[in-house]
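Peer 1: Let me begin by handing over the structure; questions about it come next.
Throughout, read-outs are computed from the coordinates displayed, never taken from laboratory work. Here the structure is a predicted model, which means the values were calculated and not measured. Here the Cβ positions follow ideal geometry from the backbone for every residue, glycine too, while neighbour counts run over all protein chains shown.
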Amino acid sequence: MKTIQTPTFVDYFSLMILSAIWGSAFVGIEFALSSFHPFIIAFARISIASIFLLFFVFYKRLSFPRDMKTWRVLLLIGILNNAMPFYLISWGQQYVSASSTAVMLAVGPLVALIMSHFVTHDEKITMYKLIGVVLGFIGVFILLGNDFLDGNRDSLYGKVAILIAVIGYIVSGFLIRKISHIHTIICSSSMFITATVVMLPFVVFVPLENFSIFSYTFLAIIYLAIIPTASASIIRINLVQKVGVQFMSQVSYLIPMFAIFWSWVFFDAIPKPIIIVALLFIFVGLFIRKLKA
């Protein structure tokens, strides 16, 4: 496992771009859900992303790994980073708004901080990091507690599904660091291919009576596949391999801002006060995490 580097201006700029792209993904999913089953949305964006990236693999004449050990890691990454979270987020968004879904991702830094302390040698916990991440997690707890008090079980279950998806993202981040010797495009395309293979048998159990590629909502799936899935994956893998999982996890703080902005632009949706309160905790946590112990 390579030692991570100190983040540069380019890395922070890449993080902002990635946040804007992923923030738009939740809006795209919300739009696609009006016509498609959550599983179909997840499967279609993963399989189309695989085809999109394979074009670059052949164009650049890159080679796939030939050892089974690497493919076992890529298979696990495909499940934890793509198949499982993509479906869980799409399913959860049936009951949770795009902006709320993005806010739920703020639990990512807490999981990343705890796990990286034990599984890496260069991403250790400090007091300020711990306080900052706990504050960010309180923001997520506020959202869950609000559903619990209101008795809104569907929304609560949707948010729990999204939290499980976040854990999958974080765990896969550590696995990606273990294969940092693999070309970024090869890593991205391989995990999408393995995720497609894993999900393919389950397609037969999904109702397809309303499925049509000749619709405006299918364009949302095309966008999800090429931009927030394939292109964003390349940016994410490059950041994880270069500057580490903890730095990458900060995207969870920035995505809600963009998700709320895109929701306002496309759906004229104004976030509820409880979401603003949760975001305040998250942003305070972000500031404290940057302090030196």
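Peer 1: Taking the chain as a Gaussian network, Cα atoms linked when under 10 Å apart, which of 14, 212, 47 shows the biggest mean-square fluctuation?
Peer 2: Most flexible of the set in this elastic network: 212.
Peer 1: Follow-up question, since we're still on this one. So, in the chain, how many Lys pairs have Cα atoms under 16 Å apart, if the pair is 8 or more places apart or on different chains?
Peer 2: Within the chain, the lysine pair count is 10.
Peer 1: Taking only DSSP H segments of four or more residues, each worth -39500 (n - 2.57), what value at 222 nm results for the chain once the sum is divided by all its residues, to the nearest 500 deg cm²/dmol?
Peer 2: Taken over the chain, the calculation gives -23500 deg cm²/dmol.
Peer 1: Name the chymotrypsin sites (Phe, Trp or Tyr not before Pro) in the stretch 128-227 that are in a loop by DSSP and that have at most 12 other C-beta atoms within 10 Å, would you?
Peer 2: Passing both the DSSP loop test and the Cβ count: 214.
Peer 1: Compute the Cα gyration tensor for the stretch 19-66, then decide on rounded, prolate or oblate, letting a ≥ b ≥ c be the square roots of its eigenvalues: rounded whenever a/c is under 1.5, prolate when a/b is larger than b/c in the other cases, and oblate in all that remain.
Peer 2: Taking the square roots of the gyration eigenvalues as a ≥ b ≥ c, the stretch 19-66 is prolate.
Peer 1: Explain nothing, just the number: relative contact order of the chain, from Cα pairs under 8 Å at least 6 residues apart, as a whole percent.
Peer 2: 41 percent
Peer 1: Based on DSSP H assignment, which helices of the chain show an axial Cα extent of at least 30 Å together with a mean Kyte-Doolittle hydropathy greater than or equal to 0.5?
Peer 2: 9-32, 38-59, 127-150, 153-178
Peer 1: Around residue 91, under 13 Å between beta carbons, what's the net of Lys plus Arg minus Asp minus Glu among the other residues?
Peer 2: Computed value for this residue: -1.
Peer 1: With viscosity set to 1.567 mPa s at 4 °C, what whole-number translational diffusion coefficient in µm²/s follows for the stretch 171-263 from Stokes-Einstein and a Kirkwood radius over Cα pairs?
Peer 2: Translational D for this selection: 83 µm²/s.
Peer 1: Follow-up question, since we're still on this one. What do the square roots of 5 times the Cα gyration tensor eigenvalues come to for the stretch 213-291, in whole Å, largest first, as semi-axes of the equivalent ellipsoid?
Peer 2: Square roots of five times the eigenvalues give 27, 23, 6 Å.
Peer 1: Hey, what's the Cα Rg ratio for the chain versus the globular rule of thumb, 2.2 N^0.38 Å?
Peer 2: Dividing the Cα radius of gyration by 2.2 N^0.38 Å gives 0.97.
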